[in-house]
1. Let me confirm something: among Asp124, Asp142, Asp75, Asp113, which residue is acidic (Asp, Glu) and either closer than 30 Å to Ala316 by Cβ or within 23 Å of the chain's Cα centre (by Cα) (or both)?
2. When only residues in the range 32-72 that are within 21 Å of the chain's Cα centre (by Cα) and of a type in the set (S, T, N, Q) count, which is farthest from Val173 (Cα to Cα)?
3. Go over the candidates Leu408, Leu382, Leu359 one by one and state the one that is open to solvent by 60 Å² or more (accessible area, probe 1.4 Å), in contact (Cβ under 8 Å) with a residue 60 or more places away in the chain and touching an Asp or Glu at 6+ places or on another chain (Cβ under 9 Å).
4. Mind listing whichever residues of the range 159-208 are among the aliphatic types (A, V, I, L, M), farther than 16 Å from Thr58 by Cα and in contact with a Pro (Cβ under 9 Å, 6 or more places away or on another chain)?
5. Does Ile395 satisfy being more than 28 Å from Gly256 (Cα to Cα), modelled with pLDDT of 95 or more and buried (at least 16 other Cβ atoms within 10 Å of the Cβ)?
6. If you scan the range 385-418, which residues turn out to be β-branched (Val, Ile, Thr) and more than 18 Å from Gln352 (Cα to Cα)?
7. So, in the range 163-191, exactly how many residues are polar (S, T, N, Q) and assigned to a loop (DSSP other than H, G, I, E, B)?
8. Looking at Ala74 and the list (1) crowded, with 16+ Cβ neighbours inside 10 Å; (2) farther than 18 Å from Phe167 by Cα, which single condition is not satisfied?
Amino acid sequence: MGLETDLAKLVDEQSAGPGIKCLLYKSANNPTVAVHGSILAGTSAEPSGKLGLSELTTRLLIRGTRKLGAVKIADLLESVGAAVSFRNSQDSIIFQARMTSPWTKRVLGVVADCLTRPALSPRDIEREREGLLTDIRLRDDDTTRRGMRELQRLVYPPGHPYRKDRFGTAETVKDLERSDVKDYFENVISQAPTLVAFAGQFKKDEVVSWAARTFGTRNERKINSKRDTGSNSASKSVKREIVMPHKTQADILIGGVACSRTEPDYEPLNLLNVILGELGFMGRLGQRVRDKEGLAYSCTSFVNAGSFGGSWTALAGVNPRNVAKALVLMKEEIERVRQELVEEQELADAKQNQLGSALMELESTEGIARTSHNLAHFDLGLDYFVKRRQLFSKITREDLMSMGKKYLDSSRLSTVIVGPPLKG
């Protein structure tokens, strides 16, 4: 056992006002403070036709406030060895901070200013727009990211929030106006529910008061993974080839719709994926396609599970001459977990892998803040790791085969191949 089993006893949950929850883990032995928070206003909350708006607005938060310029913010943080960041995701805008405890008040003051009084100046908007357009060009010229973007479109039905790429497109980003940014900040970000976790050496009443002053009154809506996001069933299997003549490597992506993070299927599906694409060195896929046959530079798989659904993806980077052979072998390994029970030792190793990962995550204040935040974000409960140990004891090889039959059916998995023209 360890900290993960005692998390519910060690982390206090307090409300800082309507729509604002704080998670507090105090450690007198660690003179640092880590903050991991989220505002329920990510890409999923963007207005129709405004792709990239959440990403652009999030990037502007650190560009300066009505009181502090970007250079001043950087100086304030660097002078005390602190770090602050803001990141847009599908479900939320994430903010993080790290500092030594004597400078908690100063750093939290900077975070509050960025989150409540950003300058959003025309010059900063144009500068960040150009940066985002550059990142879009880089994304579209990267075989893996280009493939992932296309696979998202194939896996998720029209209208699903996860079908959108958080960067948007060059066309939509160019069309964004300053009024769009201001409206999104004032009417979405400033009103959305907020969750913030603290870990380390701090005074509980001070950080809860900071959260109350900073975020005021927020909407008290909860994430509803059952909301209407279009059909939750993947369409028929589709194969798509994207030719990038100037590339020397090809990427193979196979994927389909999965479950949300809160559904009962998540844990057995995740264990199956650990065996298929992670355990050891890239799991069964890596052992077969990369190590044994030497057909890929890398070959792995992963589950992306959010609040409104999820997806499963297998990914391989190969020499263009090896695409056909590697694709066949990947499909064989995927089909094998649907038709044959995994080994008892594989299942035991996968369970231990996930239990050990949780322990490793909780070794730092940042990990504790992030973990407690995520458990609360998905409403899993701070005692989740205790419940998961009990759940793991009941998950069988038959359960994993059932997940394979349900989610890895070749008639529901789509394939995207990105790279130079295929050889013979």
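1. Asp142
2. Residue satisfying both the conditions and the ranking: Ser38.
3. Working: Leu408 fails: open to solvent by 60 Å² or more (accessible area, probe 1.4 Å); Leu382 fails: open to solvent by 60 Å² or more (accessible area, probe 1.4 Å).
Just one listed residue meets the conditions, Leu359.
4. none
5. For Ile395, the condition - more than 28 Å from Gly256 (Cα to Cα), modelled with pLDDT of 95 or more and buried (at least 16 other Cβ atoms within 10 Å of the Cβ) - is not met.
6. Answer for the range 385-418, where residues must be β-branched (Val, Ile, Thr) and more than 18 Å from Gln352 (Cα to Cα): Thr415, Val416, Ile417, Val418.
7. Total satisfying the criteria: 3.
8. The number of the failed condition is (1).
The values are calculated or read from the model by the stated rules, or taken from the named source; none is laboratory data. Quantities reported herein were computed from a predicted structural model and do not represent experimental measurements. Reconstructed Cβ throughout: ideal geometry from the backbone, glycine too, with neighbour counts over all protein chains shown. Ligands, DNA and RNA are excluded from the accessible area calculation, which covers all protein heavy atoms including side chains. Shrake-Rupley method; radii C 1.70, N 1.55, O 1.52, S 1.80 Å.
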